[in-house]
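Chemist: Sharing a structure, written as structure tokens. Questions coming.
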Amino acid sequence: MKRISLTQYLVEEQRLNNNIPAELRLLIEVVARACKTISHAVGKGALGEVLGSAETENIQGEVQKKLDVLSNEILLEANEWGGHLAAMASEEMETIHLIPNRYPKGEYMLLFDPLDGSSNIDVNVSIGTIFSVLKAPEGMETPTEQDFLQAGSKQVAAGYALYGPQTLLVLTTGHGVNCFTLDREMGSWVLTQRDMKIPVDTQEFAINASNTRHWYPPVTRYVDEMLAGSTGPLGKNFNMRWIASMVADVHRILNRGGIFMYPADAREPDKAGKLRLMYEANPMSMLVEQAGGAATNGKQRMLDVQPEKLHQRVPVFLGSKNEVERVTAYHQET
Ligand code: AHG
Ligand code: MN
Ligand code: MN
Ligand code: MN
């Protein structure tokens, strides 16, 4: 097998296909390098003294794990000095991070969920890093939070690293979705899946069913119909999976289809779901659409949602097109 590295893939995308500007290529290389460092820390586990709680709380009101904090620092440090960025934003930081004055600034803005699936860190279950790249608005001087509030359709790149039995990097720059496997001995990312596609139909769903009693009627209806199986209104049996790491659930869906749901529900008093628009929903929605799937907030296309706040939460329905369209239609009927 002829091995194509991430670097070669990106250079060809830039030079032969004119699909990405040089600056964006370099930015993606830096993010990939940071993910390699995070993967190394994750793989050390107890030996690297990276497990357990950091005993601090983030802006989301979550207790941070040591790896949440460490991964955030790795991404900040790696991306600060390259000259491609104007600013960064993260699930783990209250507000945006400006590039220090001693470094040159670029035209891109990077957003990330440094460590996705925090509840799985200490039990050795797959976790990941999710990232999204936006362009700084024309004429922007000192970046503000407002400059980040762009709809997901404006993303110029999105991806995730998955730290599982293998470490993978799944990437889109708006020209399909490709997957790279980390060769741990060589320290390089190798292209292992080209042009990933999500089957339009599926018989597998993912939702945290412990919240059933809080769901709104369209979600209850849809899940009931799936559970009714082949003699129910959908006429087929469904299997269920819930890993509690969005990266791992989305990766399964990119490979064999499925629908992933984290709905809004009737708690406190109108819980807008759990997942964050800018660090989770938007990058995953870009990947899913680029792979032929669909992603909505129940009512509208996710990538068309106009963000109002950096840390905004949003209901998420994504994956195989026909099923996402079905549950979205149920919401639109009410
Ligand atoms: P994070 O670890 O970045 O805070 O995100 C966790 C998210 C997501 O990865 C996952 O799908 C979901 O939370 C799991 O939530 P429940 O614990 O409610 O199942
Ligand atoms: Mn978190
Ligand atoms: Mn997350
Ligand atoms: Mn996280």
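Chemist: Which ³J(HN,Hα) values, rounded to whole Hz and listed in residue order, are derived for region 164-180 from phi using the Karplus coefficients 6.51, -1.76 and 1.60 in 6.51 cos²θ - 1.76 cosθ + 1.60 with θ = phi - 60°, glycine and proline given as x?
Modeler: x, x, 10, 9, 10, 10, 10, 9, 9, 10, x, 10, x, 10, 10, 10, 10
Chemist: Going 7 Å from the Cα of Glu62 along its beta-carbon direction, which residues of region 303-328 have the amide nitrogen within less than 14 Å of the resulting point?
Modeler: 311-314
Chemist: Still on this model: How big is the convex hull of the Cα atoms of the chain, per residue, in Å³?
Modeler: With only Cα atoms used, the chain gives 142 Å³ per residue.
Chemist: List the residues, sorted by chain then number, that are 5 or more residues from Asn19 or on another chain and whose placed amide H is less than 5 Å from its amide H.
Modeler: Amide H neighbours of Asn19, under 5 Å, 5+ apart: Gln14.
Chemist: Still on this structure: Computed FRET efficiency, Cβ-Cβ of Asn19 and Glu145, R0 30 Å: what is it to the nearest 0.05?
Modeler: 0.50
Chemist: Taking the square root of 5 times each eigenvalue of the Cα gyration tensor, what semi-axes in Å does the equivalent ellipsoid of region 204-333 have, largest first?
Modeler: 21, 17, 13
Chemist: Still on this structure, please answer the following. What's the local net charge at Gly258, with K and R +1, D and E -1, over the other residues with C-beta under 11 Å away?
Modeler: -1
Chemist: Taking R0 as 41 Å, what's the FRET efficiency between Asn208 and Glu49 from their Cβ-Cβ distance, rounded to 0.05?
Modeler: 0.85
Chemist: Hydropathy first: keep DSSP H helices in the chain averaging at least -1.0 on Kyte-Doolittle, then drop any whose Cα extent along the axis falls short of 30 Å, and list what survives.
Modeler: 22-44
Chemist: A follow-up question, please. How big is the Cα convex hull of region 111-154 in projection, averaged over all directions, in nm²?
Modeler: Mean shadow area of the hull around the Cα atoms is 4.2 nm².
Chemist: Let me know the shape class of region 1-146, please: from the alpha-carbon gyration tensor, a ≥ b ≥ c as square roots of the eigenvalues, rounded when a/c is under 1.5, otherwise prolate if a/b is greater than b/c, or oblate.
Modeler: oblate
Chemist: While we're here: Order these peptides, 103-109, 211-217, by their mean beta-carbon neighbour count within 10 angstrom, highest first.
Modeler: Packing order, densest peptide first, comes out as 103-109, 211-217.
Chemist: Cα atoms only, region 13-65: Rg and Dmax in Å?
Modeler: Expressed in Å, the Cα Rg and Dmax of region 13-65 come to 17.2, 49.
Chemist: Let me ask something else about it. Non-local amide H neighbours of Ser90 (under 5 Å, H modeled in plane, Pro and chain starts lacking H): which ones?
Modeler: Sorted by chain and number, the residues that satisfy this are Phe112.
Chemist: In Å, what Rg and Dmax follow from the Cα atoms of region 86-170?
Modeler: Answer for region 86-170, Rg first and Dmax second: 14.8, 47 Å.
Chemist: What is the packing order of peptides 227-238, 173-184, taking the mean over residues of other C-beta atoms within 10 Å and listing the highest first?
Modeler: 173-184, 227-238
Any read-out appearing in this document is the output of simple, stated calculations on the displayed coordinates, not a laboratory observation. Only a predicted model underlies this, so the values are computations on that prediction, with no experimental measurement involved. Cβ sites come from the backbone with ideal geometry, for glycine too, and all protein chains shown count toward neighbours.
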